[in-house]
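What follows is a set of notes on a single structure, which appears directly below.
Each reported figure results from applying straightforward, stated rules to the coordinates on display, with no laboratory input. Everything numeric here is computed off the predicted structure, so don't read it as measured data. Here the Cβ positions follow ideal geometry from the backbone for every residue, glycine too, while neighbour counts run over all protein chains shown.
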Amino acid sequence: MGLRGGSVFLDGEDISGKRPEDIVRRGLSLVPEGRQIFSGLSVIENLTLGLTGRRDKHGEKGALERVHDLFPVLTTHRDHQAGMLSGGQQQQLAIARALVADPRVLLLDEPSLGLSPTVVKDVFDRLIAIAESGTAVVIVEQRAHLVTRLAERTHVLRAGKLQATLTKEDAADEAKLTAAYFGNSGE
């Protein structure tokens, strides 16, 4: 569908059109759909690339320790080529690479894509821990039921247009979530 218009604001500043490294320095990190890790590089090399946009250059070692605590499998596979990891491990690496930049806002696009239900649950459990640590987590996800236990608010989009904004309680109610998506017409 591609971007048709609008703006993105972070802390009251329009960051639309800014260079990616400037956006990261302002505190927003993206975990793109399909992970987009550097498959020919090792796990540690991928994580090191994530450090380049850090706002605080003094905390790099601590940032790496935090993501290794959150995703211990990355420590085990530290020197392995990223492309040889399983899909779930690659998703953990993509999230960790975004986290080492020390974002205030972590944006994830379809983090469950291509993952088994067990791995999805594990990834979302870690996203809850990230949110509880104080990082704002914004998730774009077609499988809405996955985000309802994490989200304080759920914005329901249909064909690129905002249909509704639901509270945590309303989003957890499948009937209300479905009604928000389809509206009163029951399409």
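Counting pairs of alpha carbon atoms under 8 Å apart in space and at least six apart in sequence, what relative contact order in percent does the range 1-86 give?
33
Counting only pairs 8 or more places apart or on different chains, how many lysine pairs in the chain have C-alpha atoms closer than 25 Å? Before the final figure, lay out each step's value.
Values: 18/57; 18/161; 121/168; 121/176; 161/176; 168/176.
Lysine pair count for the chain: 6.
Among the trypsin sites (Lys or Arg not before Pro) in the range 26-64, which ones are in a DSSP loop with at most 14 other Cβ atoms within 10 Å of the Cβ? Mind listing them? Could the numbers behind the result be given before it?
Values: sites: 26, 35, 54, 55, 57, 61; in loops: 35, 54, 55.
Filter output for the range 26-64: 55.
Near the amide H of residue 164, under 5 Å away, which other amide H atoms are found, from residues 5 or more places off or on another chain, if H is placed in the peptide plane?
Long-range HN contacts for residue 164: 156.
Quick check: net charge around residue 142, other residues with Cβ under 14 Å of its Cβ, Lys/Arg +1 and Asp/Glu -1? Walk me through the numbers on the way to the answer.
On the way: positive: 143, 158; negative: 33, 109, 110, 141.
Around residue 142, the charge tally is -2.
Just need the relative contact order of the range 19-142 here, percent rounded to a whole number, with Cα pairs under 8 Å and 6+ apart.
Values: 187 pairs, mean separation 44.1, N = 124.
Taking the mean separation of contacting Cα pairs over the length of the range 19-142, I get 36 percent.
Among 105, 156, 123, which one shows the highest mean-square fluctuation when the chain is modelled as a Gaussian network with alpha-carbon springs under 10 Å?
So, out of 105, 156, 123, the one fluctuating most is 156.
For the chain, what are the DSSP H helices with axial Cα length of 20 Å or more and mean Kyte-Doolittle hydropathy of at least -1.0? Can you show the working numbers first?
On the way: long enough: 117-132 (22 Å, 0.66).
The answer, listed by residue number, is 117-132.
Work through the residues other than residue 91 whose Cβ is under 15 Å from its Cβ and net out their charges, Lys, Arg +1 and Asp, Glu -1.
Numbers: positive: 35, 97, 121, 126, 143; negative: 33, 109, 110, 122, 125, 141.
The answer is -1.
Grab the Cα-Cα distance for residue 21 and residue 167, subtract it from 0.36 nm times how many residues apart they are, and report the gain in nm with one decimal.
Details: separation 146, 0.36 × 146 = 52.56 nm, distance 3.30 nm.
Additional length available on full extension: 49.3 nm.
Hey, fewest Cβ within 10 Å first, where do 71, 9, 124 land in order? Intermediate results must be reported in sequence, preceding the final value.
Numbers: 71 23, 9 9, 124 19.
Least to most surrounded, the residues fall as 9, 124, 71.
Match the structure shown to one of the listed values [x] 54, 39, 30; [y] 61, 34, 28; [z] 41, 39, 37 of Cα extents along the principal axes in Å, computed from it, and give that label.
Computed from the coordinates, Cα extents along the principal axes in Å corresponds to [x].
Along the charge dipole of the chain, Cβ charges K/R +1 and D/E -1, which of 64, 120, 48 sits furthest on the positive end?
48
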